[in-house]
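This report refers to the structure that appears directly beneath it.
The values are calculated or read from the model by the stated rules, or taken from the named source; none is laboratory data. Remember, predicted model here, so these are calculated numbers, not experimental data. Cβ placement follows ideal geometry from the backbone for every residue including glycine, while neighbour counts extend to all protein chains displayed. Side chains included, ligands, DNA and RNA excluded: accessible areas come from the protein's heavy atoms. Shrake-Rupley method; radii C 1.70, N 1.55, O 1.52, S 1.80 Å.
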Protein chains: 2
Amino acid sequence: MPRVAIDVLLKRELLDPQGRATERALPGLGYDGVSDVRIGKHLELDVDAVGEALDALVEAMCAGFLTNPVVETYRWRVIADDERADAPATR
Amino acid sequence: MPRVAIDVLLKRELLDPQGRATERALPGLGYDGVSDVRIGKHLELDVDAVGEALDALVEAMCAGFLTNPVVETYRWRVIADDERADAPATR
């Protein structure tokens, strides 16, 4: 069953207060050279569909429920097991 | 300047209430066949570093500030401009 990763961010022209606050905090913590920080949602989920049915279901979920198309954009992809953000190998 | 995407999720063995609630809501909205939903953070940021310096800076930020290593895991990668979740082409 494909595992789908969905990334959601505020539209680029909108202020992202969480990203801005994070960006401003970084130099004081010793992390220099970081700019244009944007922070949103990351989802991973198993979808019991393939091909066009997968595309249609994920697009419908993203546009209709998981994101707010008025202020957010998203991007999704099918990921392998070792690409999961919670893969045991990460830590 | 490399643009870095960082995905953060709760560790796999921990309950993710937001993911669970989303998963339970989907069938009632007409979206069937979705399981094991996990929801976390997605960050995108420009980093003025390359090679080992980039790796070291991103790892240090992730482990020291952007995530809570006690309960979360993360994965990061350098992305192209057309891989941004807020790329104008997405919508």
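Per residue, the solvent-accessible area of region A:3-84 (1.4 Å probe, heavy atoms of protein chains only, all protein chains present) comes to 48 Å².
For label points placed 7 Å from Cα toward Cβ, what is the shortest-first list of nm distances from B:GLY33 to its copies? Result, one decimal in nm: 4.6.
Restriction of the GluC sites (Glu not before Pro) in chain B to DSSP coil positions whose beta-carbon has at most 11 other beta-carbons within 10 angstrom yields B:GLU13.
Computed with a 1.4 Å probe over protein heavy atoms only, the accessible area of A:ASP55 comes to about 70 Å². Compute the acute angle (0 to 90°) between the alpha-carbon long axis of helix B:51-61 and the principal axis of greatest extent of the alpha-carbon atoms of chain B; round to the nearest 10°. The angle comes out at about 50 degrees.
Please state the shape class of region B:3-90: rounded when a/c is under 1.5, otherwise prolate if a/b exceeds b/c and oblate if not, all from the C-alpha gyration tensor. Verdict is oblate for region B:3-90.
Between B:ALA25 and A:GLU13, the FRET efficiency estimated from the beta carbon spacing at R0 = 30 angstrom works out to 0.50.
Copy-to-copy spacing for B:ARG12, label 7 Å out on the Cα-to-C-beta vector, in nm, shortest first? Nearest first, the other copies' label points are 3.5 nm away. Applied to region B:66-78, the Karplus parametrisation 6.51 cos²θ - 1.76 cosθ + 1.60 on θ = phi - 60° returns per-residue 3J(HN,Hα) values of 7, 10, 10, x, 5, 10, 10, 10, 9, 9, 9, 7, 7 Hz, with x for Gly and Pro.
In this label model, A:SER35 and B:ALA87 are separated by 2.2 nm, measuring between points 7 Å along each Cα→Cβ vector.
Restriction of the chymotrypsin sites (Phe, Trp or Tyr not before Pro) in region A:9-91 to DSSP coil positions whose beta-carbon has at most 14 other beta-carbons within 10 angstrom yields no sites. A:LYS11: which lysines have alpha carbons under 17 Å from its alpha carbon, excluding same-chain residues fewer than 8 sequence positions away? A:LYS11 reaches A:LYS41, B:LYS41.
Label-point spacing for A:VAL78 across the identical copies (point 7 Å from Cα in the Cβ direction), in nm and ascending order: 2.8. The residue of chain A whose Cβ sits closest to the rotation axis that maps A onto B, together with that distance in whole Å, is A:HIS42, 2. The smallest convex shape that holds all Cα atoms of the protein assembly as shown, its convex hull, gives 120 Å³ per residue.
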